[in-house]
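Read-outs: derived from the displayed coordinates by stated rules, not from any lab. Remember, predicted model here, so these are calculated numbers, not experimental data. Cβ coordinates were reconstructed from backbone atoms using ideal geometry, including for glycine residues, and neighbour counts include every protein chain displayed.
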Amino acid sequence: MKKTFKVAAVAAAGVLTLAGCSGDSDNEDNVTVVGYSVLESANENLFKAFEGTDAGDGVTFDGPSYGASGEQSRGVADGQDADLVHFSLEPDMTRLVDAGIVAEDWKDNDTKGICTQSVVVMVVQKGNPKGIQDWSDLVRDDVSVVTPNPASSGSAKWNLLAAYGDVIAGGGSEEEAAAYMTELFDHVAALPDSGRDATTAFTSGTGDVLLSYENEAILARQNGEDFDYVIPPTTLLIENPCAATEDAPEAASAFLDFQKSAEGQKLYAETGFRPLVDEGDLEVEGANDPADPFPAPTTMLTIDGDFDGWGSANSLYFGDGQDGNPLGILTDIQQSSGAGS
């Protein structure tokens, strides 16, 4: 029989146990974390747990910064202090590699540089009054959609690729996928700057459906939001990269290792992230089924397997048309629709 972990209880017990083992240390390193918006609550738990380990004894996490992934990445590239960066998607990390801030081999490790993962879901009003089940429902006449703006938010790019990929996975052509996305943008009620701002807009009454991370939906329900969420039959695996910067203290690399450890992944699972390692059965408050919080969709798309990786996908779908670069397929559709302008 598998051992069942009640995640919140395990996490709390781990913090207490580790704290009891820690002692005085001369290590007064502060690790400055810069991350995308939805990490904030989860990271607070990890900071506390890490500070109670031998590696984290004396380490502090003063002044973490959270916001839309693209804006955070550009901020670090422009000089914002950062010892450890944790973004929504790889192009935001690539920007820092190109700037010499993150090492070129940042993903040469067991997780390929990934610290957290999730899937794209559809958040709906309590009871799902409009019967939203899959991507075709989002372009009905009676449905309006909230999703972040891909110009600033990594979450938005995952959402839009999931929608586009559903058409292709169902046997549709690139032209049919583009036609569907044109319809979808016509149904967009708001394009907030970040995933967290999009959740706030939806819970404040905007739209019938919010495209979001599964973990963001679970965390919001843990915090008292009264809505439901649907995992569509076809969705996209969201993989969030993280790395220590070139000039970071050793404590940043130690915390990076902790994030990827079994203990770190349990703590992330507590707030709705799908763990990178098999932890056996997990019980997660706020999930549709707390005893089975992370069910497998019928079709799980991946950025590498279905979109040829971010190195290709970012310019092909989200290119800004500046400096001689082509306009991305989805950027062109968004601009033509007037959404977010």
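In this structure, the amide hydrogen of Thr116, modeled 1.01 Å from its nitrogen in the peptide plane, lies closer than 5 angstrom to those of Asn240, counting only residues at least 5 positions away or on a different chain.
Short-range pairs are left out: with C-alpha atoms under 8 Å and at least six residues apart, the relative contact order of the range 48-138 is 15 percent. Working value for the range 136-201: equivalent-ellipsoid semi-axes of 21, 14, 9 Å, each the square root of 5 times a Cα gyration tensor eigenvalue, largest first.
Among beta bridges identified by DSSP and lying wholly in the chain, the antiparallel ones come to about 55 percent. So what does the Cα-only Debye profile of the chain read at q = 0.09, 0.11 Å⁻¹, as log10 I(q)/I(0), no solvent term? Rounded to two decimals, the profile gives -0.47, -0.71. Residues of the range 32-55 falling in the label zone of Val277, defined by backbone nitrogen less than 15 Å from a point 7 Å along Cα to beta-carbon, are 50. Within a straight-line Cα-Cα reach of under 17 Å, Lys48 can be paired with the following aspartates and glutamates, leaving aside sequence neighbours fewer than 8 residues apart in one chain: Asp24, Glu28, Asp29, Glu40, Asp57, Asp62, Asp257, Glu263, Glu270. In units of the compact-protein estimate 2.2 N^0.38 Å, the range 262-324 shows a Cα radius of gyration of 1.59. Taking Lys and Arg as +1 and Asp and Glu as -1, the other residues whose beta-carbon sits under 11 Å from that of Asp304 total -3.
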